[in-house]
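Following: one structure in structure tokens, then a few remarks.
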Amino acid sequence: MNENSEKKMGAFLILIGLLEFYIFTNIAEFVQPVYSVSHNSISHLGIATDPYIFNGAIIVLGICEIVGGYFFRKYSMAFFIFMFLAGIGSAGVGIFNENYGYIHFVFAVFAFLLGAAASYIILYRERKPITVIWAILGTISIIALILFGIGILGKDTFFYFGLGEGGMERMILIPDVMWALGYTSSVMYSD
């Protein structure tokens, strides 16, 4: 396979991982009788009534990021490494659920931080106007991650700006997923 074909295969796998994660995370939220999007963390779905839905979805996402990232190695070794480590983080979140405390937190930081930072590699490599938007979304994720971390470690919800723990965590996740969906979709339909 040439570099372009490999990129398309990698983009396809990452796109599938993102889509299934989004769908099954929403299903996991819908079937939880007392789950609060604002007050409960996303990972709380991994210890709730039906934890296999969320845990399975995020493990599959991690596998898709690892394997999909591999297909980007000719395009950018840095992007491959970031996706590989983000995939390890995602899978680790599902394997070591919220009950594992610090271990779970470390895997979540890997998933969030490296996934968001990968947008900068795309900006550097491609330098198109849309890549600036993807990097801005990655930056929003990183800033939200820092504020979330300050709130968690300092036991201070001031930095959540009234969104609650779950709402602030979604400010990390949603821009990260948005840039990745945009990028992988653009790769799929490029010449």
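Here are some notes:
- Verdict on Leu137 being touching a Pro at 6+ places or on another chain (Cβ under 9 Å) and either surrounded by fewer than 22 Cβ atoms within 10 Å (Cβ to Cβ) or in contact (Cβ under 8 Å) with a residue 40 or more places away in the chain (or both): yes
- Residue match in region 28-35 (condition: at pLDDT below 95, part of a loop (DSSP other than H, G, I, E, B) and touching a Pro at 6+ places or on another chain (Cβ under 8 Å)): no
- Whichever residue in region 47-71 is outside any loop (DSSP other than H, G, I, E, B) and among the small types (Gly, Ala, Ser) and, among such residues, is surrounded by the fewest Cβ atoms within 10 Å (Cβ to Cβ): Gly56
- Flag for Ser5 being of a type in the set (Ser, Thr, Tyr), part of a helix (DSSP H, G or I) and surrounded by 19 or more Cβ atoms within 10 Å (Cβ to Cβ): no
- For region 36-46, the set of residues classified as in contact (Cβ under 8 Å) with a residue 60 or more places away in the chain and either assigned to a helix (DSSP H, G or I) or under 18 Å from Val60 (Cα atoms) (or both) consists of Ile42, Ser43, His44, listed by residue number.
- Scope region 47-71; condition more than 14 Å from the chain's Cα centre (by Cα) and either at positive phi or without any contact (Cβ under 8 Å) to a residue 40 or more places away in the chain (or both); matching residues: Ala48, Thr49, Asp50, Tyr52, Ile53, Gly56
- When residues of region 90-117 are limited to those that are in contact (Cβ under 8 Å) with a residue 60 or more places away in the chain and of a type in the set (A, V, I, L, M), the one farthest from Tyr183 (Cα to Cα): Ala108
- Any helices (runs of 4 or more DSSP H) falling wholly within region 98-191 and containing at least 3 residues that are at pLDDT below 95 and either under 17 Å from Phe82 (Cβ atoms) or aromatic (Phe, Trp, Tyr) (or both): 102-126
The values are calculated or read from the model by the stated rules, or taken from the named source; none is laboratory data. Only a predicted model underlies this, so the values are computations on that prediction, with no experimental measurement involved. Note: ideal-geometry Cβ built from the backbone for every residue, glycine included; neighbour counts use all protein chains shown.
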